[in-house]
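Asker: This structure is in structure tokens; I'll ask about it shortly.
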Amino acid sequence: MQTQTFTPSSLLRAAGLFCAAMTLALAAQASPKVIKKVPPEFPREAAQQSISSGVVKAKMSIDAEGKVTGVDILEAEPRRVFDKAVTRALMDWRFEASGEKQTHEVKLVFKNED
């Protein structure tokens, strides 16, 4: 499983509350090779509710060509706050084609330091 930490950069804050900086922690198991990552947006609703951080663990289903075909939210804290942003972003990720279906888990950490 990979862990991603997202914090807004000053440049991207003006572009719509995108979370920019990523920190990876790779799991011990062999992981599919990511060839395209899309950072999730920090939800405006979270900021409006004074929610400044959160963690979402998600599992992606990946087809033989490396396209994400589905995202399942496994854990989220707070619940349902970041789920849609995570799902939208992860559906745009791409992996190196492996010739077989696979799954991959990631842990996304959100921090809004505004």
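Asker: For the range 63-114, with equal point scatterers placed on the C-alpha atoms only and solvent neglected, what are the log10 I(q)/I(0) values from the Debye formula at q = 0.13, 0.16, 0.26 1/Å, to two decimals?
Answerer: At q = 0.13, 0.16, 0.26 Å⁻¹ the computed log10 ratios are -0.37, -0.53, -1.06.
Asker: On a full-extension model of 0.36 nm per residue, what is the gain between ARG44 and ARG79, subtracting their alpha-carbon distance, rounded to one decimal in nm? Display every interim value, and only then the final one.
Answerer: Numbers: separation 35, 0.36 × 35 = 12.60 nm, distance 1.56 nm.
Additional length available on full extension: 11.0 nm.
Asker: With each label point set 7 Å from Cα along the Cα-Cβ vector, what nm distance links VAL34 and SER61?
Answerer: A separation of 2.1 nm, rounded to one decimal place.
Quick note: the coordinates plus some simple rules give every number you see, no bench work behind them. All values reported here derive from a predicted model rather than from experimental measurement. Cβ sites come from the backbone with ideal geometry, for glycine too, and all protein chains shown count toward neighbours.
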